[in-house]
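Enquirer: Just dropping this structure here.
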Amino acid sequence: MLENNQGASKQSSDQKMQELRNIVLGEDGQYVTEKIKENARLMVSDVLSEALHDREKQDGSVNTVLLPLVEKSVETSITNHSQQFVGYLYPLVGSLVRKSVTAFITEFLEKTNTLLENSFTVKGLKWRFKAWQAGVSFSQYAASQTFAFRVEQVFLIHSETGLLLNSVSYGLDTGTDPDLMSSMLTAINDFVSDSFKPNQSSSEQHLNVIRTSDFSLLIKPGPKAVVVASITGNMPQGVANQLQQTLEEIHRLYDQELTNFNGDTVPFEHTQNQLRNCLISELKPEHQDKKKKPWLAWIVVSMFFIGFGYLGIKQWQVHKLLEKVEPLDDEPGILITDISTLGLNKVQLNVLRDPAAQPISEWLQQQSIEQQNIQLKERAYLSLDPHLIKHKVMDVLKQFPNIQVDWSLGHPQFTGHTSISEQLRLTAELSTITGLNLQSNWMDTLSIEDSATGPVDDPQLLKEILDIKIAEINRLHITFDNGVSELSSNAANELISVAQQFKGLESLTERLRLSISLIIMGTSDMSGDPDYNKVLSQVRADSVKSKLQQLGIDEKRLNAIGLGVIDLNTTQKDARMVLLNVVYFDTGKPIINNFE
Amino acid sequence: MMQKKVCLLGASGVGKTSLIKQYVEGIFSEKYLTSIGVKIDKKQVETKSGPVKLMIWDIEGIDRYCGFQPKYLRGASAYIIVSDQTRSQSLLEGVEIQKMIKEVTDIPGLLAINKSDLPEAWHWSQKELEEIQSGYEKTFYTSAKTGENVENMFTHLAQIIVE
């Protein structure tokens, strides 16, 4: 009963307390929550940094939470404001690139210098020989000569099992198997410590140093692991201290892993960093100074650049020369077939040159080009260049001081006073100019002075002139339209010229006591009846004969023949024509000129 | 990679060194055996759980008059005791050696009855043999001459170590 009363009284007091709480704090602490919310910002900002710091220190969770958030923010920011980011990074990137390039060049120079020193200097060769004598690799020998001491390899060995946990080396291949080395070292240590123990009660002995003439093994034993360094040269105390520090650090950091080691070396991969700290070395005093300035490398690099620059200048000069020579191609009568650089300072020049054209050496002199720099290969050819033809004509005219020439009509028109023989000689000379196509009317403007005496009486010369004149007539032919035998106006004009030329021949042959006549040969093409064509060709020849008669040529000197069809497959229309052939007789025997 | 130390022991002349000569990769000369009493070789073995690197400590032949350096057993994961089936004494010595091992460690061991290429010349009854073999994980009849069972034995050893 009493208990019941007590229970009821406790319940009522709890209820009252709850009611009191609700009054003071509000329903579910509402007043307090509201009050805290009001000041939340202020309260959190007061302790935010410290709280973050403490939590990060405690379990590192702040970093884990913030990392993805920061990554996401940076990603969004870069996507939306990439230009701004480029702006921020630009000065940084420039500086980074400069630093990286500088570091690269310095390293390159130093490496080149070492390589050169080791390969091309007397010392380098001597070392190579000695290394060969000693039966060690050159790098090992060089290291022993260069360094006062150097830690070549560092092993981290598990004390109990003798298994290798990790090892680092300077990069030299010593040819040893670190696994076997570490086990064997452990065995040797066990053997020594057991064999040389002074008495049973004394503490366990440890090997600390194994020294040979070439290297030392420095052993730092710890309770759970051993650090061993293989050192060449005279080992200073500093190395032992460094090894001790490293061993202590590894024991501190990997205590659990060492205790629970079951043969898996993966947890010890990161000991690499600590072990690397033990790979220390010191250069011999004489090498310390040399290291400062890689002179050899500088000399080689400078020589390389000087050589490169020299070649560049030479190349530039020879190209300039090439450019200077190229306009030679524009000269009349000169054609460059090939032009190229030859060696460092010469130009190979292959040209075709008309003998009448300006000599190459003269042109080079005019352009102030040294001939010794030009390797010239010249071959002759005939040029049809109008300028050169003009030049050739002017050259011929030098022999005829009384004759002038006018080029304003597009061809040479000769003027001045001359004799017939001079005119003939001029004609003969000009006829030799290929491409000129000398026309007789170009000399119509010449004033001929009749002179019976002079060099014209030379029969040899007269004969040559005669041949030239005959050749000119023989070259001509009168064409007709299809099926037509009447002369066209053009043909009539041509025949006027032929008549004049033939008359000129008459006077010439008289002097040579020759008789002259003109054979007029009519032809026809293959179209139509052959008999008709035969007749047509005869009629055409007769038309020409008749016209020449009209123009004052004696009928006795003209012979018209119809040749009929001439089978010219390639040029059908040209077969409709009349051919001319001048023949002359000497002592009753005719000499017939071939068709031209 | 997983690494394990194993020891090879047995009486003198049972062929321990010959047993592994062709099987392992080593750099040390056999003269180490007589100078410091141990030679170490290495062999990588494939197991169901992946490759295992065995560091095999070949410990100098032991007879009744001299023991062996127990420190060499330190950290070992397993051992093999080699006996010679042409010499009854070798098995007896093997039993002695196993006793010494049990005094310092409790690692698993295999029994190799070597020279299986030669006719058996000991006088152990099947019962006696079975009794001796019961102290080992497994017994292998091996031949250093033909290589019989050598690889199997080391593979089995590696397997029981990693299990």
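Enquirer: So for the pair residue B:133, residue A:89, with labels modelled 7 Å out along Cα→Cβ, what separation do we get in nm?
Expert: The two pseudo-label positions are separated by 7.1 nm.
Enquirer: Starting from the Cα of residue A:390, draw a straight line to each of the lysines and keep only those under 24 Å, dropping any in the same chain fewer than 8 residues away.
Expert: A:398, A:469
Enquirer: In region A:96-248, how many lysine pairs have Cα atoms under 27 Å apart, counting only pairs 8 or more places apart or on different chains?
Expert: Lysine pairs satisfying the spacing and distance rule in region A:96-248 number 6.
Enquirer: Which entries of B:71/B:99; B:5/B:127; A:346/A:392 show an alpha-carbon separation above 23 angstrom in the structure shown?
Expert: Over 23 Å apart, Cα to Cα: B:5/B:127; A:346/A:392.
Enquirer: Please compute, for peptide A:258-267, the average count of beta-carbon atoms on other protein chains lying within 10 Å of each residue's beta-carbon.
Expert: 3
Enquirer: Using a 7 Å offset from the Cα along the Cα-to-Cβ direction at both residue A:316 and residue B:99, what is the distance between the two label points in nm, to one decimal?
Expert: A separation of 9.8 nm, rounded to one decimal place.
Enquirer: For a footprinting-style exposure proxy, rank A:158, A:81 by other Cβ within 10 Å, fewest first.
Expert: Fewest-to-most Cβ neighbours within 10 Å comes out as A:81, A:158.
Enquirer: Test of understanding: extend the Cα→C-beta vector of residue A:324 to 7 Å, then name every residue of region A:350-381 with backbone N under 17 Å from that spot.
Expert: Within reach of a label on residue A:324, which here means backbone N under 17 Å from a point 7 Å along Cα→Cβ, region A:350-381 contributes A:360-376.
Enquirer: Report, in deg cm²/dmol and to the nearest 500, the calculated mean residue ellipticity at 222 nm for chain A, where each DSSP H run with n ≥ 4 adds -39500 (n - 2.57) and the sum is divided by the residue count.
Expert: -17500 deg cm²/dmol
Enquirer: Work out how much length residue A:11 to residue A:126 would gain on full extension: take 0.36 nm times their residue separation and subtract the Cα-Cα distance, in nm to one decimal.
Expert: That works out to 30.9 nm of additional length.
Enquirer: Given the rule -39500 (n - 2.57) for each run of at least 4 DSSP H residues, summed and divided by the residues of chain B, what is its mean residue ellipticity at 222 nm, to the nearest 500 deg cm²/dmol?
Expert: It comes out at -9000 deg cm²/dmol, rounded to the nearest 500.
Enquirer: Label region A:521-562 by shape, choosing from rounded, prolate and oblate, from the square roots a ≥ b ≥ c of the eigenvalues of the Cα gyration tensor; if a/c is under 1.5 it is rounded, and otherwise prolate applies when a/b is larger than b/c, oblate when it is not.
Expert: prolate
Enquirer: Let me ask something else. Mean projection of the alpha-carbon convex hull of region A:85-222 over all orientations, in nm²?
Expert: Averaging across all directions leaves 14.3 nm² for the Cα convex hull.
Enquirer: Then there's this: Would you please calculate the Kirkwood hydrodynamic radius of chain A over all C-alpha pairs and express it in Å, rounded to one decimal?
Expert: Final number for the Kirkwood radius of chain A is 39.4 Å.
Enquirer: Can you give the % of DSSP beta bridges in chain B that are antiparallel, to the nearest 5?
Expert: Percent antiparallel among DSSP bridges in chain B is about 30.
Enquirer: Starting with the fewest neighbours, write out A:540, B:74, A:150 ranked by other beta-carbon atoms found within 10 Å of each beta-carbon.
Expert: B:74, A:150, A:540
Enquirer: I would also like to ask the following. Out of every Cα pair in region B:62-163, what percent are spaced more than 21 Å from each other?
Expert: Beyond 21 Å sits 35 percent of the P(r) for region B:62-163.
Enquirer: Test of understanding: what is the full-extension gain from residue A:195 to residue A:245, defined as 0.36 nm times their sequence separation minus their Cα-Cα distance?
Expert: That works out to 15.1 nm of additional length.
Enquirer: Give me the dipole magnitude in Debye, nearest 20, for chain A about the Cα centre, with unit charges on the beta carbon: positive for Lys and Arg, negative for Asp and Glu.
Expert: Once rounded to the nearest 20, the dipole reads 1580 debye.
Enquirer: Here's a follow-up. Within a 10 angstrom radius of each residue's Cβ in A:186-192, how many Cβ atoms of other chains show up on average? Whole number is fine.
Expert: For this peptide, the per-residue mean of nearby foreign Cβ atoms is 6.
Enquirer: Here is a follow-up. Hey, fewest Cβ within 10 Å first, where do A:303, A:235, B:100 land in order?
Expert: A:303, B:100, A:235
Enquirer: If you place +1 on the Cβ of every Lys and Arg and -1 on the Cβ of every Asp and Glu, how big does the dipole about the Cα centre of region A:111-181 come out, in debye to the nearest 20?
Expert: 600 debye
Enquirer: Could you give me D for region A:5-81, from Stokes-Einstein at 25 °C and 0.890 mPa s, where the hydrodynamic radius is the Kirkwood radius over C-alpha pairs? Units µm² s⁻¹, please.
Expert: D = 144 µm²/s.
Enquirer: Among DSSP beta bridges lying fully in chain A, give the percent that are antiparallel, nearest 5.
Expert: DSSP beta bridges in chain A are roughly 75 percent antiparallel.
Enquirer: Right, next: Residue by residue through B:70-83, how many Cβ atoms from other chains fall within 10 Å of the Cβ on average?
Expert: Average per residue, whole number: 3.
Enquirer: What distance in nm separates the two pseudo spin-label positions at residue A:37 and residue A:486, each 7 Å out from Cα along the beta-carbon direction?
Expert: Each label point is offset 7 Å from its Cα along the Cβ direction, giving 12.7 nm.
Enquirer: Count the net charge of all other residues whose Cβ sits under 13 Å from the Cβ of residue B:6, scoring Lys and Arg as +1 and Asp and Glu as -1.
Expert: Its environment carries a net charge of +4.
Enquirer: Right, another one. How far, in nm, would the chain grow between residue A:463 and residue A:345 when pulled straight, counting 0.36 nm per residue and subtracting the alpha carbon separation?
Expert: Stretched out fully, the residue A:463 to residue A:345 stretch lengthens by 36.8 nm.
Enquirer: Then there is this: Once the Cα gyration tensor of region A:249-385 is found, what semi-axes does its equivalent ellipsoid get, as square roots of 5 times the eigenvalues, in whole Å, sorted largest first?
Expert: In descending order the semi-axes read 76, 21, 9 Å.
Enquirer: Determine, from the Cβ-Cβ distance of residue A:299 and residue A:398 and an R0 of 56 Å, the FRET efficiency 1/(1 + (r/R0)^6), rounded to the nearest 0.05.
Expert: Computed FRET efficiency for residue A:299 and residue A:398: 0.25.
Enquirer: Rounded to the nearest 5, what is the percent of antiparallel bridges among the DSSP beta bridges in region A:392-490?
Expert: 50 percent
Enquirer: Dipole of region A:260-363 (Lys/Arg Cβ +1, Asp/Glu Cβ -1, origin at the Cα centre): which of A:342, A:270, A:309 lies farthest to the positive side?
Expert: Going by the charge dipole, the pick is A:270.
Enquirer: Related question: Quick one: grab the alpha carbon gyration tensor of region A:325-426, order the square roots of its eigenvalues as a ≥ b ≥ c, and give me rounded if a/c is under 1.5, else prolate or oblate depending on whether a/b is larger than b/c.
Expert: Taking the square roots of the gyration eigenvalues as a ≥ b ≥ c, region A:325-426 is prolate.
Enquirer: Lysines within cross-link reach of residue A:72: Cα-Cα under 30 Å, excluding same-chain residues under 8 positions apart?
Expert: Those lysines meeting the cut-off are A:37, A:57.
Values in this text are rule-based calculations from the coordinates and carry no lab data. This structure is a prediction, so every number in the text was calculated from the model and none was measured. Positions of Cβ are generated from backbone atoms using ideal geometry, with glycine treated the same way; all protein chains shown enter the neighbour counts.
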